[in-house]
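Since the structure comes first, as structure tokens, the remarks are kept for the end.
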Amino acid sequence: MSSISIGTTDVNICARALVNIGLKPIDNLDGDDDVTTTCSLKYPEAKEEVLSLYPWYATKGKVRLGRLTSTPVNEYKYAFAMPSNRISGALAIYNSGEQGAYSIKDWDVQGTNILSNEESLWGDFQFDLDESLFPTHIKLLITYALSSKLAEILTDDTSKSQAWSYKAFGAPGAKGMGGYFEIARTIDSRFRPTQSVQGFSLVDVRGS
């Protein structure tokens, strides 16, 4: 059994995925050989795929939205900029940042902005975080998904690629909701659903 752990960086995850498909692990993503190049291209794809499938607790954060100075040309009075580092649309919108605040329904989306008649808004979004902030179940699922992608390209073994795809997401009949994804989703549900994202500016955005 390999001694390589599910580490806290993209390199660790890529190394483990390579071992999964019977290849030697890498220790960086800076090389120009076929294996390193393929890992550097396919890792972001696997990560994005996994993060977009479910609102994982580690990726969720509540932030105050910056209100633009420009006025929307429609029935709403105000426009607010959604955070640029989000990986999802708004999961919920609030008119208060206080504990116990209820989400509101009267808002709309226009491009990258939220439109509302409320003077201040807070929103729940998913964010692309550093691997060191992911719990093990997310890193494992990314590793399995990446193993499938790497096997298809680096081993030219369709059955091996399919086997890791099944391990990650289940057989086709599961419609991407089976395999380890189902287990990871169950584990994730035990955690607090919303985490604060530190360092996001709460200063109003100055629009034109």
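Using the Cα centre as the reference, give the magnitude of the dipole from point charges on the C-beta atoms of the range 1-143 (Lys, Arg: +1; Asp, Glu: -1; all else neutral), rounded to the nearest 20 debye.
On the way: 12 positive and 19 negative charges, 80 e Å.
My answer is approximately 380 debye.
Going out from 0 in 5 Å bins, what whole percent of all Cα-Cα distances in the range 5-111 drops into each bin?
Distribution as computed: 2, 9, 15, 15, 13, 9, 9, 8, 8, 7, 3, 1 percent.
At R0 = 22 Å, how high is the FRET efficiency between ASN85 and VAL109 if r is their beta carbon distance? Nearest 0.05 is fine.
Working: r = 17 Å, r/R0 = 0.79.
E between ASN85 and VAL109, to the nearest 0.05, is 0.80.
Can you give the translational diffusion coefficient of the range 101-149 in µm²/s, computed by Stokes-Einstein from the Kirkwood radius over Cα pairs at 37 °C and 0.692 mPa s? Before the final figure, lay out each step's value.
Numbers: Rh = 14.4 Å.
It comes out at roughly 228 µm²/s.
Give me ILE138, ILE183 sorted ascending by neighbouring Cβ count inside 10 Å, so fewest comes first. Don't skip to the end; give the middle numbers.
Working: ILE138 24, ILE183 13.
Sorted ascending by nearby Cβ count, the order is ILE183, ILE138.
Would you mind calculating the gained length between THR158 and ASN28 on full extension (0.36 nm times residue separation, minus the Cα-Cα distance), in nm to one decimal?
Numbers: separation 130, 0.36 × 130 = 46.80 nm, distance 2.64 nm.
Roughly 44.2 nm would be gained on extension.
Please rank TYR180, TYR102, fewest neighbouring Cβ atoms within 10 Å first, as an exposure proxy.
Ordered by Cβ neighbours within 10 Å, fewest first: TYR102, TYR180.
Pairs LYS47/LYS167; LYS60/LYS149; LYS42/LYS62; LYS47/LYS105: which exceed 21 Å Cα-Cα? Could you put the intermediate results ahead of the total?
Values: LYS47/LYS167 16 Å; LYS60/LYS149 26 Å; LYS42/LYS62 30 Å; LYS47/LYS105 31 Å.
Over 21 Å apart, Cα to Cα: LYS60/LYS149; LYS42/LYS62; LYS47/LYS105.
If you take the charge dipole of the chain about its Cα centre, with +1 on Lys and Arg Cβ and -1 on Asp and Glu Cβ, which of THR158, HIS137, ALA101 is farthest toward its positive end?
ALA101
Volume per residue, Å³, of the convex hull around the alpha-carbon atoms of the chain? Show your work: numbers first, answer last.
Working: hull volume 33.1 nm³, N = 208.
Spelled out: Cα convex hull of the chain, divided by residues, is 159 Å³.
For the range 79-197, take N as its residue count and report Rg(C-alpha) divided by 2.2 N^0.38 Å. Walk me through the numbers before you get to the answer.
Numbers: Rg = 18.8 Å, N = 119, 2.2 N^0.38 = 13.5 Å.
Compared with the compact-globule rule of thumb, the range 79-197 sits at 1.39.
Sum -39500 (n - 2.57) across every DSSP H segment of at least 4 residues in the chain, then divide by the residue count to get the 222 nm mean residue ellipticity, nearest 500.
Numbers: 5 runs with 68 residues, N = 208.
Here the helix-only value at 222 nm equals -10500 deg cm²/dmol.
Just so you know, all these numbers are worked out from the coordinates, no wet-lab data involved. All of these numbers come straight from a predicted model, not from anything done at the bench. Please note: Cβ atoms are built from the backbone with ideal geometry, for glycine as well, and neighbour counts cover all protein chains shown.
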